[in-house]
Amino acid sequence: MSGTFVGMPAFPKAAHEAVGNTTLRANLRHATHTIRDKRVKAVAELDDWALLREAGKQIKDHTLRHLDTYLEQLEEAVTAAGGVVHWATDADEANRIVTRLVKDTGESEVVKVKSMATQEIGLNEALEAEGIHAYETDLAELIVQLGHDRPSHILVPAIHRNRGEIRDIFAKEMGEWGRPAPEDLTDTPAELAEAARLHLREKFLRAKVGISGANFMVAETGTLVVVESEGNGRMCLTLPETLISVVGIEKIVPTWRDLEVFLQTLPRSSTAERMNPYTSMWTGTTDTETADGPRVFHLVLIDNGRTDTLADEVGRQALRCIRCSACLNVCPVYERAGGHAYGSVYPGPIGAILSPQLRGTASEIDASLPYASSLCGACYEVCPVAIDIPEVLVHLRERVVQGGPATRQGNRVVLKPAKGHAAERAAMRAAGWAFVHPGALRAGQRVASRTRRFHPRTLPGPGRAWSATRDLPQVPAEPFRDWWQRTHGKKESGKKESGK
């Protein structure tokens, strides 16, 4: 996976720097609290929300168990409808395919619908290297692109920017990319939106090639689905003559009817709306110049670590993700650290379990991501497909510390433990030995209780990193076993005697 932000440090260092940015924290706090408060109201409207959540989980799990079958069915349906399907093992192959397809049209610019998959593979950079300009048309993505920035949120990539910053970016950069912003532009939302609308309109009307992702792909019909709130996606999907969709293989659902579940849970979990203002669906190509839709359609299906993730019985549930971002909006760690600290296009709790599986845990930043969580469980509570993110985080932490078997690039390998965890491994081995030797455990508990007044407030050596930001829990005056024996032991003994 090529989505790593080059030069980014491991999460602890990046988060430490981000926490000191008061403007960033204020922007994130306002945005995430607003979205999640609205989500609570939208979800409460549905009496069967729990059933919809379980249905979404079951549909996704069923699809992943039979992914090969449904992908072949999808290819047949797309081909029958006039489209062409391409298979990409990794990011490099996907970029080569898309670049070639654009060059074959003779065009040197494309318009893009917001797409996490294209960000994941670094498509914009790959196109730019070949002299092809890719213009983002989603408002938040446009802000990020004009600001020479990186996305920091799955749903709202420019969530770290406030209105004043956006006005300055538009005023400074729009003229370099096309139609300039009005000279008297203010930071009111209506004026900012109008400036973006005028800037983008000329690109929509000129572009011959569009690039999109997809929220869902329907295996039985070959239909692709994009949900959005602005209408830019509809423009990119209907106006260009050639459409290239780059989609992860996990975005598939078996039948048209399955969409019923996700078109209820996704908008409520993401934008807190009952339904998305724009839900665009297309199947193959159109036959006439007057009809809406592309005359040439290419679907590029990317793996890029997904089948490796599928091989992990615990971690594969991350592939259920429908990219709603609800987990980000309730996460106390994300709210304070922001998305850039995760070093990936997938920030927040879902990124902390998805990126280390797609990319592996060999790099320092990927080895640190499973620790970017307090394990409070709020992410699991709001996930519309019931991904147990805390469970996967603990599973990946074990992989980082202990190493062990994993699947990388389709091969079963044995990972080495990550550096810097020797003390943790030693502590866990000691704890494991004590738990299987009750006598030693009891003796250690008694010694710890009787020497409690001499215990330090912080841990020495490597443990200092843990206790520097936490209070060490106080050891009780006596072990639980001793307390139980003193308060209940005689009663239990008397009951047994009277029972005789």
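The values are calculated or read from the model by the stated rules, or taken from the named source; none is laboratory data. The shown structure was predicted, so the numbers you read here are calculated from the model rather than taken from an experiment. Virtual Cβ from ideal backbone geometry, glycine too; neighbours counted across all protein chains shown. Heavy atoms of the whole protein, side chains included, go into the accessibility calculation; ligands, DNA and RNA do not. Shrake-Rupley method; radii C 1.70, N 1.55, O 1.52, S 1.80 Å.
When the test is whether a residue is closer than 25 Å to VAL218 by Cβ and over 13 Å from the mean Cα position of the chain (by Cα), VAL394 does not pass it. Considering only the stretch 141-152, state which residues are modelled with pLDDT under 95 and either in a helix (DSSP H, G or I) or farther than 28 Å from PRO240 by Cα (or both). Across the stretch 141-152, the qualifying residue is only SER152. Among the residues of the stretch 149-179, those identified as free of Cβ contacts under 8 Å to residues at least 60 places away in the same chain, more than 20 Å from ALA134 (Cα to Cα) and open to solvent by 40 Å² or more (accessible area, probe 1.4 Å) are ARG163, GLU165, ARG167, ASP168, ALA171.
Among ALA386, ALA418, ALA477, ALA434, which is touching a helix residue (DSSP H, G or I) at 6+ places or on another chain (Cβ under 8 Å) and exposed (fewer than 12 other Cβ atoms within 10 Å of the Cβ)?
Values: ALA386 fails: exposed (fewer than 12 other Cβ atoms within 10 Å of the Cβ); ALA418 fails: exposed (fewer than 12 other Cβ atoms within 10 Å of the Cβ); ALA434 fails: exposed (fewer than 12 other Cβ atoms within 10 Å of the Cβ).
ALA477 is the lone residue from the list that is touching a helix residue (DSSP H, G or I) at 6+ places or on another chain (Cβ under 8 Å) and exposed (fewer than 12 other Cβ atoms within 10 Å of the Cβ).
The sole residue among SER344, SER355, SER363 that is over 19 Å from LYS60 (Cβ atoms) and either among the β-branched types (Val, Ile, Thr) or open to solvent by 20 Å² or more (accessible area, probe 1.4 Å) (or both) is SER363.
Close contacts from the stretch 267-280, counting a first residue that is surrounded by fewer than 18 Cβ atoms within 10 Å (Cβ to Cβ) and a second that is of a type in the set (Ser, Thr, Tyr) and modelled with pLDDT under 95, with Cβ to Cβ under 6 Å and a gap of 6+ residues or different chains, come to PRO277/SER229. Of all residues in the stretch 388-413, those that are under 23 Å from ASP92 (Cβ atoms) have Cβ atoms under 9 Å from Cβ atoms of residues that are part of a helix (DSSP H, G or I) and modelled with pLDDT under 95, 6 or more apart or on another chain, in ALA406/ARG399. Where helices (runs of 4 or more DSSP H) fall wholly inside the stretch 354-412, the ranges with 1 or more residues that are touching an Asp or Glu at 6+ places or on another chain (Cβ under 6 Å) and not β-branched (Val, Ile, Thr) are 378-382.
Does ARG234 satisfy the criteria of being out of contact with any strand residue (DSSP E or B) (no Cβ under 7 Å at 6 or more places or on another chain) and surrounded by fewer than 21 Cβ atoms within 10 Å (Cβ to Cβ)?
no
Okay, residues lined up against (1) in a strand (DSSP E or B); (2) at pLDDT 95 or above; (3) under 19 Å from LEU139 (Cα atoms):
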| residue | (1), (2), (3) |
| --- | --- |
| MET217 | yes, yes, no |
| THR221 | no, yes, no |
| VAL226 | yes, yes, yes |
| GLU230 | no, no, yes |
| LEU243 | yes, yes, no |
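Consider ALA190 carefully, then state whether it is touching a residue at least 12 places away in the same chain (Cβ under 8 Å) and either among the aliphatic types (A, V, I, L, M) or in a helix (DSSP H, G or I) (or both). So ALA190 does not fit the description; no. Tell me which residues, restricted to the stretch 281-302, are part of a loop (DSSP other than H, G, I, E, B) and open to solvent by 30 Å² or more (accessible area, probe 1.4 Å). Passing the criteria: THR285, ASP287, THR288, GLU289, THR290, ALA291, ASP292, ARG295.
For the stretch 313-341, the candidate set comprises residues that are closer than 19 Å to ILE59 by Cα and in a helix (DSSP H, G or I); within that set, the residue that is most open to solvent (accessible area, probe 1.4 Å) is ARG316. Can you spot a residue in the stretch 29-48 that is without any contact (Cβ under 8 Å) to a residue 12 or more places away in the chain, part of a helix (DSSP H, G or I), small (Gly, Ala, Ser) and surrounded by fewer than 18 Cβ atoms within 10 Å (Cβ to Cβ)? Yes, that holds for at least one residue.
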